[in-house]
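The structure under discussion appears below in the form of C-alpha cells.
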Amino acid sequence: MEEITYFGRLSFFAFLVGAGYWLVSNEAVGTVMLIGFGLATGAGFTLLRGGARHEPDAVGDAESTEPDGPFGDESGPLPTRSAAPLALGLGVALIGMAGAFGPWFVLAGAVPLVLGAADWLRSANRELALREHLDEAE
Amino acid sequence: MSSINLGIAAPPRTSLLEWLTTTDHKKIGVMYIASAFGFAAIGGLIAELIRLELAAPGQQFVNAATYDQLFTVHGTLMLLFFAGPLAIGFANAIMPLQIGAADMAFPRLNALSYWLFLFGGLIVMSGFLTTGGAAAAGWTGYAPLSSSTFSPGAGMDLWIVGVALVGVSGVLGAVNFMVTIYARRAPGMHMFRMPMFTWTVLVTSTLILFAFPSITAALAMLFIDRHFGGGFFDPTQGGNPVLWQHLFWFFGHPEVYILILPYFGIISEVVPVFSGKPLFGYRFMVLAVIAIASLSMGVWAHHMFTTGQVDLPFFSLMSLLIAVPTGIKIFNWIATMWRGSLRFTVPMLWCIGLLYVFTIGGISGVMLASPPIDYMAQDTYFVVAHLHNVLIGGTVFAGFAGIYFWFPKLTGRRLDEGLGKIHWLLWVVGFAVTFIPQYVLGAEGMPRRIADYPAGRGWDLPNLISTIGALILAVGTLPFLLAVWRAMRRPADQPADPWGANSLEWATSSPPPHHNFDRLPPIRSLRPVFDERMAAEAERRARGEGAAGPTAGPAAAGGTG
C-alpha cells in the first residue's frame, strides 16, 4: 500500500518540520503554510485509505487482469476527439482577460465556456451510458 | 484492462482539426513539448537581446523600461512556460506508456490543462501589445513593485492572469497524473516496479498539488490589492510586502524541484540503457526523490535571507540537507555508468553534460545556502549564474536527452546522431562561455536586472565573453532544428525498441497506436522489456539460432531489479 503510506509519511514530515519551525522561529506565516501542507497531505492519506478496495497481497501480480494497486479498475471507454477542452480553455482565458481589460471579456468568454461545458457533459454522459451498457452485457 | 478504444483510426497524416480536438495523451504530450519549445524560442530571443544589450557599457538597443519587461517575460516564459511544461509534455507522452495504461485517467481534462497552459503563455506575452508594455516586476512579481502604484499598466494584470492560468493547468495536470499512476498501472506494475521517470512524475505532481495553491492565493491577493483597494502587501494599510515573498517562495522553491525532478527521472531512464546496466540503487533513488521533494517544502525562505525577517539557521540547515539526496542521485548515475558497456549516443552525451553542468550549479547552490555568502551574493550575477547552471543544466540538458531518446518512440523517426553531437558540443561549450563569466561578474559585485553599467569596473570583458557564449548557444540550436526537420521528412522506420531499452514504452510500436498496447509483456521486475528480450534470447539460443534481431540491442549485464 505504498500509494497510501506515501501521503501519510509526507504528512508526518510536514507536521514535524512545521512544529520545529514554530519552535525555533515563532513565525506565523511559514508555520501556517507548513501545517497546512501537513493537513492537506493528511487529508489525502485519510481519503485514500478509505478508497482502497484491494488487499495488499493482490499487488504485483503479473497474471492478474486488474490494474495494479489498491484502487481497482475504473477505466472506461477512451473518449473520442472533442472540441470541448479547447472551447472551455478559451472561455476561461477570455474571462481571465476581463481582469485586465474590463467586464466585456466575461461576455466574450461565457459563450465558448458554456458551449464547451455542455459538450463535455454530453460526451461524459454518453460514455457513462455506454459503460453501463457494456457492464450489463458482461 | 477493460478499456475499449472508441477512437477514430489514425490517418497517415494528422490534420490540424485532429490536433485541436485530440484527447490522446501522446498527441497532447507532443503539443506540450512543441509549445514549450515555442515559448523557449521567444524566451531565448529575449535572452539574446538582453545579452547584446549588456555586451558593452552604454545603452545599445533598448531603454531601461523595456529591459525590465524583457527580463520579466524571459524569466516567466522560461520557468513557467518552458521548463515546467516541457516536463509535463514528457510526462504526458511517456508516463502512461511506462505503466502500461491506455491513456490518462481523465483524457479531456488533460486536453483542458494543455489549452489553459497555452492561453496562459499567450496572455503573458500579449502584455507587449498593450500601451504600457508587458509586466516589468521580474518573474518573482515582488510587491510593492507589482502594485498598481509602481506597475500601473495592463501588462501586470495580464501577467497575473497568465500565471494563474498555468497554475490551474498545473494543478489539473497533477491530479490527472496522480490518479493515472495510482489507478491505471498494468497488472504486476506495483509501485517499486515503476520506472524512475514515473516516480518523479508522481512526486512532482504531489509538489504541484500542494505548492501551486500558494501562488494562486498570492496572485488573487495581488489582484485585489491592485483593483479593489486591498492592503495585503501595503504597509500603509496594515499589510506586509514580505508576505508576498513568503507566499511566492512557498510555491517558488518547490517549483525549482518541480522543474528539476522529472528531468532527473529522464536521466535515470537514459543512463542505464546506454550503460548496459540496471539503475544503481533504484530504491535509494526513489527515496532520494521523495526526500528532495519533502525538504523542498521547507526551504522557501532561503530566498529571503536578506529581508532580515526569517530564521537563518533553520533555512540554511534545511537547504544544505537537500544536497544529500541530490548527491545520492549524482553518485548513483555515475555508479550506473561505472564498468558499464557505455554507448556514447546523443542522449547519453546530454546526460554526461548534465552531470558536469548541474553539479557546478548544485555546488554554487550549497554556497548560497550559507547566509554570510548569500548576503554578499544576493541580487548579483552570481545568483544569475547559479540559477542558470541548475536550470539549464538540470532541465534543458536533460530535456534534450529526453527528446533524442524518445523521439523514435513518439514519431517513429530517429534524430541524426552527427547533428546531435554538434548540437551537444556547441551547447556544452556555449554554456560554459556564457555562465562562468557571470560567476566572476557576481563576485565582482555586478547587480542583476540592470540595463547598463559603468565602464572601467572590470565588468566589460566578462560581459562581452558571456554575450559571445549566448550567441554560441543560439547557433548551437540550429543543428537540432535541422535534425528535427530532416527526421520529419523521412518516413517512420524505427522498430519498437531501437535502443535496447528496459521499460514498457519500448514494448509497443513506434509510434504507438491510439490505445497504446496490443499486448503487454508480463511485469515481474523493474525492466519488463529487458526481461522479455532476455527470455527471447535464451529461447533462440536453446533452438541453436543466432543473435537477436535489430530491436533487441545489446544484452545488458546485471540483475533485473
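The values are calculated or read from the model by the stated rules, or taken from the named source; none is laboratory data. Because the structure is predicted, anything quoted here is derived from the model rather than measured. For neighbour counting, all protein chains shown are included, and Cβ atoms are generated from backbone atoms with ideal geometry for every residue, glycine included. Only protein heavy atoms, including side chains, enter the accessible area calculation; ligands, DNA and RNA are left aside. Shrake-Rupley method; radii C 1.70, N 1.55, O 1.52, S 1.80 Å.
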* To do: Please work out which one of (1) within 8 Å of chain B (Cβ to nearest Cβ); (2) among the polar types (S, T, N, Q); (3) assigned to a helix (DSSP H, G or I) is the condition residue A:125 fails and give its number.
  => (1)
* Please state which of the following conditions residue B:44 fails to meet, knowing it meets all the rest: (1) modelled with pLDDT under 95; (2) more than 14 Å from every other protein chain (Cβ to nearest Cβ). => (1)
* Asked: Within segment B:526-548, which residues are farther than 21 Å from residue B:274 by Cα and exposed (fewer than 15 other Cβ atoms within 10 Å of the Cβ)?
  -> B:538, B:539, B:541, B:542, B:543, B:544, B:545, B:546
* Can you tell me which residue among B:150, B:177 is more than 7 Å from every other protein chain (Cβ to nearest Cβ) and more than 30 Å from residue B:278 (Cα to Cα)? => B:150
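Please verify whether residue B:185 is assigned to a helix (DSSP H, G or I) and basic (Lys, Arg), treating the condition exactly as stated.
Values: assigned to a helix (DSSP H, G or I): no; basic (Lys, Arg): yes.
So residue B:185 fails the test.
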* To do: Taking residue B:28 as meeting all but one of (1) at pLDDT 95 or above; (2) surrounded by fewer than 19 Cβ atoms within 10 Å (Cβ to Cβ); (3) within 14 Å of chain A (Cβ to nearest Cβ), write down the number of the exception.
  => (2)
* Asked: For residues in segment B:225-240 being open to solvent by less than 50 Å² (accessible area, probe 1.4 Å) and in contact (Cβ under 8 Å) with a residue 40 or more places away in the chain, which is nearest to the other protein chains (Cβ to nearest Cβ)?
  -> B:226
* With respect to the numbered conditions (1) buried (at least 24 other Cβ atoms within 10 Å of the Cβ); (2) part of a helix (DSSP H, G or I); (3) in contact (Cβ under 8 Å) with a residue 60 or more places away in the chain; (4) within 10 Å of another protein chain (Cβ to nearest Cβ), which one is the sole condition not fulfilled by residue B:198? -> (4)
* Asked: Which is touching a Leu at 6+ places or on another chain (Cβ under 9 Å) and open to solvent by 10 Å² or more (accessible area, probe 1.4 Å), of B:214, B:268?
  -> B:214
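Which residue out of B:315, B:331 is without any contact (Cβ under 8 Å) to a residue 60 or more places away in the chain, part of a helix (DSSP H, G or I) and within 12 Å of chain A (Cβ to nearest Cβ)? Please lay out each step first, then the result.
Values: B:331 fails: within 12 Å of chain A (Cβ to nearest Cβ).
After applying the criteria, what remains is B:315.
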* Just one of B:414, B:486 is of a type in the set (Lys, Arg) and closer than 23 Å to residue B:269 by Cα; which is it? -> B:414
* Asked: Within segment A:15-39, which residues are at the interface with chain B (Cβ under 7 Å from one of its Cβ atoms), touching a residue at least 12 places away in the same chain (Cβ under 8 Å) and farther than 22 Å from residue B:241 by Cα?
  -> A:17, A:37
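Out of all the residues in segment B:511-525, is one or more away from chain A (no Cβ under 14 Å), open to solvent by less than 40 Å² (accessible area, probe 1.4 Å) and over 19 Å from residue B:33 (Cβ atoms)?
Quick first cut of segment B:511-525, residues away from chain A (no Cβ under 14 Å) only: B:511, B:518.
Next, only the ones that are open to solvent by less than 40 Å² (accessible area, probe 1.4 Å) stay: none.
Checked against the condition, which is being away from chain A (no Cβ under 14 Å), open to solvent by less than 40 Å² (accessible area, probe 1.4 Å) and over 19 Å from residue B:33 (Cβ atoms), segment B:511-525 yields no hits at all.
Picking from B:163, B:175, which residue would you name as being within 25 Å of residue B:256 (Cβ to Cβ) and open to solvent by less than 30 Å² (accessible area, probe 1.4 Å)? Talk me through it step by step, then tell me what you get.
Working: B:175 fails: open to solvent by less than 30 Å² (accessible area, probe 1.4 Å).
Criteria check complete, one pass: B:163.
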* Can you tell me how many residues in segment A:1-12 are under 17 Å from residue A:34 (Cα atoms) and open to solvent by 50 Å² or more (accessible area, probe 1.4 Å)? -> 2
* To do: Return the only residue of A:20, A:60, A:96 being at pLDDT 85 or above, open to solvent by less than 50 Å² (accessible area, probe 1.4 Å), more than 30 Å from residue B:305 (Cα to Cα) and not β-branched (Val, Ile, Thr).
  => A:96
* Scan segment B:90-113 and give yes if some residue there is away from every other protein chain (no Cβ under 11 Å), open to solvent by less than 10 Å² (accessible area, probe 1.4 Å), closer than 25 Å to residue B:267 by Cβ and among the small types (Gly, Ala, Ser), otherwise no. => yes
* Structure fact -> Listed by first then second residue, the pairs whose first member lies in segment B:142-163 and is in a loop (DSSP other than H, G, I, E, B), whose partner is polar (S, T, N, Q), with beta carbons under 8 Å and at least 6 positions apart or on separate chains, are B:142/B:245; B:145/B:151; B:153/B:130; B:153/B:131
* Conditions (1) at pLDDT below 90; (2) more than 9 Å from chain B (Cβ to nearest Cβ): number failed by residue A:43 -> (1)
* Being open to solvent by less than 10 Å² (accessible area, probe 1.4 Å) and within 12 Å of chain A (Cβ to nearest Cβ) narrows it down to one of B:222, B:247, B:243, B:259, so name that one. => B:222
